[in-house]
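Please read the structure below before turning to the comments.
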Amino acid sequence: MENFDGTISLLIACIELLFIMNLFIYAKKNLVNKLILAQLILLFGYQLMEFLICFTGLKDQLIIYLALFVITLLPPLGLYTVLLFAGKLKSYHKYIFIPALFFIIFYPIVIDQLAVTKCTVLYASYYYPLGPFYATFYYLPVIGSMIILNKKWGAETEPDKKSRTRLYLFGYLFTFIPAMIIAIFIPSFVNAVESLLCKLAFVFAAFLTIFALKNKDLSE
């Protein structure tokens, strides 16, 4: 029987690559858009690595670490981008990357404990130390991003900026709210939450791409 594990990851990676190419060609090169492009590249990189892990059987601890490295950067980078877009970025906000740096430094120390516990067509699940602590770090920046965008959306009076803010917010809502609902009704979702969230983040990537194409204000 042929192995189809990881094929959904490859499909999503190909679509995200198209998003990336569109932004390279058509999006204005302001800082917000550049940071959004960086997030799409990270999402693409994770899907590609998951394909290699599950389809080719490349389950070396180093590639598992690289996959975790990629997804560890996404929440604080997302929050940093939202703060910049909302006009609330301060010099001390660089410290939101400290938890990510902790995990990026910590996991090479315990790299022998990293493992792929399951691969399917749709997702991969991993074992890594400090799982609950990692989950807390992961969700707090996401929740913070949604709160900031919701406040900006409510306060914005200019129609164009209000529309862009709504797109940005809906990207978060339509990605993470379904994930939270699924986790409540299907507890096994939590066992592969990183992988499945990155699949749902395909919706996030689509919203971010549309937002960035519309975000033509070079002052932002």
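Taken over region 191-220, residues that are among the aliphatic types (A, V, I, L, M) and either at pLDDT 90 or above or exposed (fewer than 14 other Cβ atoms within 10 Å of the Cβ) (or both) amount to 8.
Within region 107-220, considering only helices (runs of 4 or more DSSP H) that don't extend past its boundaries, which have at least 1 residues that are in contact with an Asp or Glu (Cβ under 6 Å, 6 or more places away or on another chain)? Let's see the steps before the verdict.
On the way: elements: 131-155, 159-185, 193-214.
So the answer is 159-185, 193-214.
Kindly establish whether Tyr139 is under 30 Å from Asp5 (Cα atoms) and touching a helix residue (DSSP H, G or I) at 6+ places or on another chain (Cβ under 9 Å). Please lay out each step first, then the result.
Values: under 30 Å from Asp5 (Cα atoms): yes; touching a helix residue (DSSP H, G or I) at 6+ places or on another chain (Cβ under 9 Å): yes.
Yes; evaluated as a whole, the condition is true for this residue.
The residues of region 1-60 that are touching a residue at least 24 places away in the same chain (Cβ under 8 Å) and of a type in the set (Phe, Trp, Tyr), listed by number, are Phe4, Phe19, Tyr26, Phe44, Tyr46, Phe51, Phe55. For region 153-165, check the following and say yes or no: at least one residue is closer than 21 Å to Phe97 by Cα and either buried (at least 20 other Cβ atoms within 10 Å of the Cβ) or modelled with pLDDT of 95 or more (or both). No: region 153-165 contains no residue that is closer than 21 Å to Phe97 by Cα and either buried (at least 20 other Cβ atoms within 10 Å of the Cβ) or modelled with pLDDT of 95 or more (or both).
Kindly indicate the residue of region 118-149 that is of a type in the set (Ser, Thr, Tyr) and without any contact (Cβ under 8 Å) to a residue 24 or more places away in the chain and also most open to solvent (accessible area, probe 1.4 Å) among those meeting that condition. Selected residue: Tyr127.
Could you look through region 105-117, keep only residues that are out of contact with any Ser or Thr (no Cβ under 8 Å at 6 or more places or on another chain) and among the hydrophobic types (A, V, I, L, M, F, W, C), and pick out the one that is most open to solvent (accessible area, probe 1.4 Å)?
Here is the first cut: in region 105-117, the residues out of contact with any Ser or Thr (no Cβ under 8 Å at 6 or more places or on another chain) are 105-115.
The next check asks that each one be among the hydrophobic types (A, V, I, L, M, F, W, C); those that pass are 105-106, 109-111, 114-115.
Working: Ile105: 112, Phe106: 47, Ile109: 130, Val110: 23, Ile111: 43, Leu114: 2, Ala115: 36 Å².
Of everything passing the filter in region 105-117, Ile109 is most open to solvent (accessible area, probe 1.4 Å).
The values are calculated or read from the model by the stated rules, or taken from the named source; none is laboratory data. Only a predicted model underlies this, so the values are computations on that prediction, with no experimental measurement involved. Glycine also receives a Cβ, built like all others from the backbone with ideal geometry; neighbour counts cover every protein chain displayed. These area figures cover heavy atoms from the full protein model, side chains too; ligands, DNA and RNA do not enter into them. Shrake-Rupley method; radii C 1.70, N 1.55, O 1.52, S 1.80 Å.
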